[in-house]
Amino acid sequence: MKESLTTKWQAPSNIALVKYWGKHGVQLPANPSISFTLDACRTITSVHARKGSHSFSIRYEGVEKPEFAPKIKAYFERISSYCPWINNYYFEIDTQNTFPHSSGIASSASSMAALSACVMDFESTLTGNALDYHKMSFLARLGSGSACRSLQGEAVLWGEHNDTDGSSNLYGIDQSELLHPVFQHFQDTILLVDKGEKVVSSTVGHDLMNNHAYARARFEQAHENLTTLKKALKAGDLKTFIKITESEALTLHAMMMTSHPYFILMKPNTLSIIEEIWAFRKNTDVPVCFTLDAGANVHMLYPSEHKMSVDQLIHNKLAKYCQNSHYICDQIGTGAKKC
Ligand code: PMV
């Protein structure tokens with residue numbers, strides 16, 4: 001056993017195209033999902049582990065953050081049977097995000113992915129085994145479901161899916177080889193409509209899919225949409241890509257609006273932006289579409305060759321719908337990296 005271990009990893013956020021909404025057991029998804037891995041929106045985490053009884057400290061941008069501790073404590077408890085060696089170490093965790101903390105962009109995916117990368121890096125040092133990316137994704141899932149899609153590959157699929165060999169409810173699998181060149185450097189501009197805390201957390205939202213009147217139909221639909229979307233990703237069929245991606249975003253929010261209790265995370269400006277995107281697409285034929293996560297912010301997805309015209313659209317029409325005119329320019333990325 002080593003006296004101490006140190007490492008530093010960065011991991012990106014991801015944006016789901018077919019959405020994960022609903023779970024059972026210990027972080028098992030009710031339906032399969034697929035996401036694009038992002039690049040600019042990342043968490044950078046360094047961990048120093050020293051021999052001693054297990055506990056940890058957590059600092060965010062150099063400042064102690066006791067409010068982050070319960071989530072990390074739960075994470076260590078969940079992973080301890082898979083990584084028993086952690087019980088012999090005290091962990092000093094230092095973390096920071098490349099995107100503003102109060103941007104309304106959830107950092108749970110990138111932060112749990114970065115921490116899991118550090119843990120697996122230590123495990124590889126201790127055992128002499130090569131880095132195990134499936135286990136890294138497995139551990140990240142135990143921290144936050146969608147985090148398992150932030151480790152490796154430009155597109156990652158999570159959840160058992162009949163049309164995908166090797167798919168698993170336990171970890172995400174790299175689907176980069178699917179991507180037609182049209183998706184190379186694919187852009188995601190995130191329009192920050194609301195930077196505040198969500199009124200309903202994802203955990204509560206997932207739970208509301210239990211006994212939801214439309215749950216069964218929704219879960220079946222996700223399987224079908226995934227099959228169709230995979231074909232579109234392979235063929236470079238942007239028309240189908242847009243149709244499925246936008247429908248998935250609206251379906252996610254439709255599930256929220258038809259839960260009991262019901263809730264709405266979109267804001268009036270979210271709808272205004274969607275209408276502007278639809279009008280722009282109709283008038284220009286630029287293949288830009290939107291997706292939403294569990295919040296009011298709008299992700300605009302489009303091929304990089306259209307960056308200039310989309311920039312103009314944002315500048316002329318969309319920035320005014322964003323809080324303090326803020327938006328983040330991101331694009332497809334490859335996953336976690338050691339720093
Ligand atoms: O990983 P969680 O529990 O934060 O859930 C994420 C849910 C969505 O972002 C709405 C969809 C998804 O697949 O990422």
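The values are calculated or read from the model by the stated rules, or taken from the named source; none is laboratory data. Quantities reported herein were computed from a predicted structural model and do not represent experimental measurements. Cβ: placed from backbone, ideal geometry, glycine included. Neighbour counts: every protein chain shown. Ligands, DNA and RNA are excluded from the accessible area calculation, which covers all protein heavy atoms including side chains. Shrake-Rupley method; radii C 1.70, N 1.55, O 1.52, S 1.80 Å.
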Next item on the list: May I ask you to compute the full-extension gain from L250 to V26, defined as 0.36 nm times their residue separation minus their alpha-carbon distance, rounded to one decimal in nm?
Entry: 78.0 nm
Next item on the list: Could you compute the FRET efficiency for S176 and E275, with r as their C-beta to C-beta distance and R0 at 22 Å, rounded to 0.05?
Entry: 0.10
Next item on the list: Using Cα centres only, tell me the gap between the range 297-311 and the range 216-265 in whole Å.
Entry: 20
Item checked: Over the chain: helical MRE at 222 nm, DSSP H runs n ≥ 4 each giving -39500 (n - 2.57), nearest 500 -> -11000 deg cm²/dmol
Check: Where in the range 101-118 is the amide nitrogen less than 20 Å from a point lying 7 Å along the Cα-to-Cβ axis of D132?
Finding: 112-118
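Any idea of the accessible area per residue across the range 190-315, 1.4 Å probe, to the nearest Å²?
Normalised by residue count, the accessible surface of the range 190-315 is 49 Å².
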Check: Gain in length, N283 to Y90, computed as 0.36 nm per residue apart minus the alpha-carbon separation, to one decimal in nm?
Finding: 63.6 nm
Next item on the list: Holding the Cα-Cα limit at 22 Å, pick out from K243/K337; K234/K337; K231/K338; K282/K317; K73/K195; K19/K282 the pairs that are longer than that.
Entry: K243/K337; K234/K337; K231/K338; K73/K195; K19/K282
Next item on the list: May I ask you to give the percent of accessible area on the range 205-339 that is carbon plus sulfur, with a probe radius of 1.4 Å?
Entry: 53
Next item on the list: Set the Förster radius R0 to 35 Å, insert the Cβ-Cβ distance between E3 and E61 as r into 1/(1 + (r/R0)^6), and round the FRET efficiency to 0.05.
Entry: 0.80
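Loop only per DSSP, at most 12 neighbouring Cβ atoms within 10 Å: give me the trypsin sites (Lys or Arg not before Pro) in the range 199-249, ordered by residue number.
Answer by residue number: there is no such site.
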Notebook entry, point to check: Per 10 Å bin, what is the whole-percent P(r) computed from every C-alpha pair distance within the chain?
Noted result: 6, 26, 34, 24, 9, 1, 0
Margin query: If you fit an axis through the alpha-carbon atoms of helix 69-79 and take the longest principal axis of the Cα set of the chain, what angle between them do you get, 0 to 90°, nearest 10?
Written below: 70
Note to self: With angles folded into 0 to 90 degrees, how steeply does helix 133-143 sit against the dominant principal axis of the chain? Use alpha carbons for both and round to 10.
What the structure shows: 80
Item checked: GluC sites (Glu not before Pro) restricted to DSSP loop in the range 1-102 with at most 13 other C-beta within 10 Å -> E3, E61
